[in-house]
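The values are calculated or read from the model by the stated rules, or taken from the named source; none is laboratory data. In this text the structure is predicted, and so the values were computed from the model without any measurement. We work out accessible area using only protein heavy atoms, side chains counted, and drop any ligands, DNA or RNA first. Shrake-Rupley method; radii C 1.70, N 1.55, O 1.52, S 1.80 Å.
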Amino acid sequence: MPTPPGRRQRRAGGLPDALGRAEIAAEFLRRNRTYRAEHAQMQQRIASGAVAQNAAETAFARRWGLSFRHGAG
């Protein structure tokens with residue numbers, strides 16, 4: 001039976017054969033110590049009131065090259 005378009009084949013372990021760009025990027029950031037430290041620092045600054053949440057998240061996303069599609073997720 002052919003695989004439907006847009007669906008990846010799965011190995012015996014249930015993992016996709018190939019990761020997409022979004023999955024690779026997410027895994028890179030998850031493992032990146034600098035990203036994690038800066039994210040924690042941003043969260044602390046927001047919680048303390050030192051910076052507005054929207055402004056902090058916008059600057060953080062711009063610095064790390066993050067973008068999100070509307071309605072994704």
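Numbers at a glance
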read-out: Of residues in segment 15-55 being under 21 Å from PHE68 (Cα atoms) and not in a helix (DSSP H, G or I), the one farthest from the chain's Cα centre (by Cα); value: ALA52
read-out: Boolean, ARG33 is open to solvent by 100 Å² or more (accessible area, probe 1.4 Å) and at pLDDT below 95; value: no
read-out: Qualifying position, being at pLDDT below 80 and either small (Gly, Ala, Ser) or open to solvent by less than 60 Å² (accessible area, probe 1.4 Å) (or both), among GLY20, GLY65, GLY14, GLY49; value: GLY14
